[in-house]
Amino acid sequence: MYKDTTIGVVVTAYNEEAFVGNVIETVPAYVDRIYAVDDASPDESWSVIQRVAAQLNEEKTPESEVALADGGDDRRVVPIQHDENRGYGAAVKTGYKRAAEDGIDVVAVLNGDGQMDPEIMDQIIDPVVTGEADYAKGNRLLTAEDRDGMSSFRLFGNAMLTGLSKFASGYWTVGDPQNGYTAISRETIEELDLESITDQYGFLNHILAHLNVNERRVADVSMSAVYGDEESSITYTSFIRYVSMLLLRSFCWRLNRRYVVEGFNPAVVFYAAGSAGLAGGVAGTITSLAREFRGKEGFTGVLASFVALLLGVVSLGVAIAMDAAENEALERTSYETTAAEHAAESADSSAPAGSNGAASADQDSSREPSHVVSHPETGTGTSTNTDPDAGTNPSAT
């Protein structure tokens, strides 16, 4: 238990026999229950999960106070295996549903590849535990120090996905949408229509749009980029095509739900005008230039196209500003202090070490964590690493 709150962790695994066991073993002691979900891995991931689960379940965890809903099952590690490979999103959703059934208050996600530091889990879950946010996620793009471990190629791709996800989700200050280090409240899990969220790689992008439609508060938590030696097996063309179309559909669906069906907001009109202006301006410019090259008069068409482009850009800018203002109250950004300051705080406020050697963090819930400063900002197959260039199942759609 952490700050009088029960904590669960979903550990997702697909072809992670070399890493998933260590990930489960290093989950902090304050976590009440671990849901290790194997998405029908063809390697020995399931065997590793079963072996580690059996070992850890024999150890006593007196700090666990989960309100059990599974007939008296007191296991700390719950192994779950899909009958067939269903995708990263499906693995997370399986863990979410089981944790909600067990009455867990806050549920975090750790990927089974070992590239998420369990020692900073308290920073990820804090915004949800303290009630500042309903969903929190790591962000490796907030500071230059955090981006040090990210290659230029990864950074460029992540920046592109971040920009597209801002349009799709409506969370204009939330970045690094592919970061799978997340935490969510039980109430939010129960409110979301999980079945309508994709099971595939785009799960992390898609869930943000659903959170926005449900008007849930999302926190970005600064964290450093850490990568191992795994090589990507994702087909980039398939990944980009699938996620781009998913984000486009999410954008249209969000605008319809938030700004048409549930209450009119003029942002949708400016988005439509901006899109029409840009599309018409580009098409008109190409047509007019082609006429010029053929020796026909095209200057008037170029001028008209430029005006359409200008109006499109202005309309789009107005739409973004209105959209950002509408969603400002749903966004939180959490910045961590230095590692030394966080370590000093943990040493001062932690109880004696738990059964696995990790310090217990059942701290006074009335005290705001000093390493977090939160404020509203204005400005198919399973992959256990949700970055598109991490080692994964090669089937991306």
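Here are some notes:
- Boolean, Ile207 is out of contact with any Ser or Thr (no Cβ under 8 Å at 6 or more places or on another chain), among the aliphatic types (A, V, I, L, M), at pLDDT 95 or above and crowded, with 23+ Cβ neighbours inside 10 Å: yes
- Qualifying residues in the stretch 108-154 (those that are of a type in the set (A, V, I, L, M, F, W, C) and in a loop (DSSP other than H, G, I, E, B)) - the one farthest from Val218 (Cα to Cα): Met150
- Residue list for the stretch 190-213, restricted to those being farther than 25 Å from Gly114 by Cα, out of contact with any Gly (no Cβ under 6 Å at 6 or more places or on another chain) and part of a helix (DSSP H, G or I): Glu190, Glu191, Leu194, Glu195, Ser196, Ala209, His210, Leu211, Val213
- Reported count of residues in the stretch 156-189, each being over 25 Å from Gly112 (Cα atoms), in contact with a Leu (Cβ under 8 Å, 6 or more places away or on another chain) and not in a loop (DSSP other than H, G, I, E, B), is 4.
The values are calculated or read from the model by the stated rules, or taken from the named source; none is laboratory data. Everything numeric in this text was worked out from a predicted model, so none of it was measured. Every residue, glycine among them, receives a Cβ derived from its backbone with ideal geometry; neighbour counts consider all protein chains shown.
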